[in-house]
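Presented below is the structure to which this report refers.
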Amino acid sequence: MKKNILHFILQTMSRMPFWMLYAISDVLYILIYHVLGYRKKVVYKNLRNSFPEKTEAEIKEIAKKFYRYFPDIIVEVIKMFSINPKEVEKRIELLNPEEVYRHFDAGKGVIGVTAHYGNWELGIHRLSLMTDFDRLVIYKPLNNNDINQIYNGVRTRFGATMVPMKQILRHIVRLKNTPHISMFVADQTPVYQDSDYYMTFLNQETLVYTGTERIAKMTGNPVVFCHIGRKQKRGYYFCKFTTLVEQPSEYGDHEITHIHNEFTEQIIREQPQYWLWSHNRWKRQRKNKA
């Protein structure tokens with residue numbers, strides 16, 4: 001019952017025009033930043049540790065810009081419940097889709113990598129509309145199954161297939177030697193049983209997933225980063241594809257993992273306000289640490 005009520009509310013809200021949703025976002029900004037101070041300790045700690053070279057005034061400016069942008073993501077995700085394909089294509093411009101198509105033309109699948117940057121959720125819709133080949137979105141299930149069902153239903157509206165991380169191998173085997181794209185959001189925080197590999201990311205020792213590298217080496221498919229950046233106009237984005245790895249077999253252990261994480265860091269440093277700083281990315285410390 002609760003799931004149906006929540007779905008009805010979000011579906012109804014999604015039919016509001018963008019200008020009305022952004023008015024709600026303006027109110028949410030005041031509530032989240034000025035009234036509730038949502039996760040301010042986490043955000044400021046993450047920013048200070050990531051950018052020790054910046055002054056406190058610079059850190060505060062980035063934080064304020066992040067909190068100003070964060071409610072826009074919320075209302076734009078709600079809009080995904082009813083947005084039509086034409087509007088999605090207008091909202092996210094593909095700058096160079098030929099970078100993906102050339103791999104398809106060669107009969108290869110693509111290991112897509114992105115981050116919690118820009119509007120990665122709306123990016124699922126845009127990815128779904130760019131090809132009729134299989135589009136897999138690899139995700140980490142939430143603890144709340146009702147929320148999982150609601151949002152996965154929205155994410156698959158235009159043909160994407162949501163695949164839990166633990167089920168990726170069976171799908172990769174099924175699609176072997178066929179054009180398709182498997183999209184990983186690679187900056188999530190793994191649990192200890194899923195990874196034991198640490199690297200320096202944003203100036204901090206960070207536990208990282210190595211699954212993207214393992215799948216790339218297993219399949220021989222190229223690794224392509226999908227940079228979803230925000231345009232100057234509110235609610236509009238671009239997606240730029242960059243092939244980071246053409247032949248995975250030519251790389252040593254953890255090299256591919258370093259390449260896509262370092263590329264992610266470079267993008268974040270250029271416009272840090274569009275990364276999800278409220279996410280506690282560094283909560284997994286080495287077990288032998290005090």
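Per-structure values
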{"quantity": "Amide proton proximity set for GLN204, modelled H, under 5 Å, gap of 5+", "calculated": "none"}
{"quantity": "Note, ³J(HN,Hα) from phi for region 110-123, Karplus 6.51, -1.76, 1.60, rounded to Hz, x at Gly and Pro", "calculated": "10, 8, x, 10, 9, 9, 6, 9, x, 9, 5, 5, 4, x"}
{"quantity": "Bridge type composition, the chain - antiparallel percent by DSSP, nearest 5", "calculated": "40"}
{"quantity": "Region 146-153 - phi-based ³J(HN,Hα) in whole Hz, Karplus 6.51/-1.76/1.60, Gly and Pro as x", "calculated": "4, 5, 4, 5, 5, 6, 5, x"}
{"quantity": "Solvent-accessible area of ILE24 with every protein chain in place, 1.4 Å probe, in Å² to the nearest 10", "calculated": "50"}
{"quantity": "³J(HN,Hα), Karplus 6.51/-1.76/1.60, whole Hz, each residue of region 155-166, x for Gly, Pro", "calculated": "5, 9, 4, 10, x, 6, 10, 7, 10, x, 3, 6"}
{"quantity": "Inter-label distance for LYS90 and PHE238, nm, one decimal - labels placed 7 Å from Cα along Cα-to-Cβ", "calculated": "2.0"}
{"quantity": "Isotropically averaged projected area of region 144-275, using the convex hull of Cα atoms (one quarter of hull area), nm²", "calculated": "9.8"}
{"quantity": "Sum of -39500 (n - 2.57) over DSSP H runs of 4+, divided by residues of the chain (222 nm, nearest 500)", "calculated": "-13500 deg cm²/dmol"}
{"quantity": "FRET efficiency, 1/(1 + (r/R0)^6) with R0 45 Å, evaluated for ARG174 and LEU31 via beta carbons", "calculated": "0.50"}
{"quantity": "Accessible surface of LEU95 - all protein chains present, 1.4 Å probe, nearest 10 Å²", "calculated": "90"}
{"quantity": "Pair-distance profile P(r), taking every C-alpha pair of region 217-276, with 10 angstrom steps and integer %", "calculated": "20, 45, 25, 11, 1"}
{"quantity": "Ratio of Rg to Rh over region 124-187 (Cα coordinates, Kirkwood Rh, two decimals)", "calculated": "0.96"}
{"quantity": "Where VAL224, VAL35 fall by accessible area, highest first, once all protein chains stay in place (1.4 Å)", "calculated": "VAL35, VAL224"}
{"quantity": "Scattering curve values for region 1-64, log₁₀ I(q)/I(0), Debye with Cα scatterers, q = 0.25 Å⁻¹", "calculated": "-0.99"}
{"quantity": "Distance in nm between pseudo-label sites at LEU6 and ASP196 (7 Å out along the Cβ direction from Cα)", "calculated": "3.6"}
{"quantity": "The chain: proportion of alpha-carbon pairs further apart than 36 angstrom, %", "calculated": "15"}
{"quantity": "Kirkwood hydrodynamic radius over Cα pairs of region 36-163, then Stokes diffusion coefficient at 4 °C and 1.567 mPa s, in µm²/s", "calculated": "76"}
{"quantity": "Ordering of 246-258, 201-213 by burial proxy (mean other Cβ atoms within 10 Å per residue, highest first)", "calculated": "201-213, 246-258"}
{"quantity": "Cα Rg, Dmax (largest Cα-Cα span) when computed across region 178-252, Å", "calculated": "14.9, 42"}
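The values are calculated or read from the model by the stated rules, or taken from the named source; none is laboratory data. Computed from a predicted structure; not experimentally measured. Here the Cβ is made from the backbone with ideal geometry for all residues, glycine too, and neighbour counts use every protein chain on show. Please note that ligands, DNA and RNA were not included when accessible areas were found on the heavy atoms of the full protein model with its side chains. Shrake-Rupley method; radii C 1.70, N 1.55, O 1.52, S 1.80 Å.
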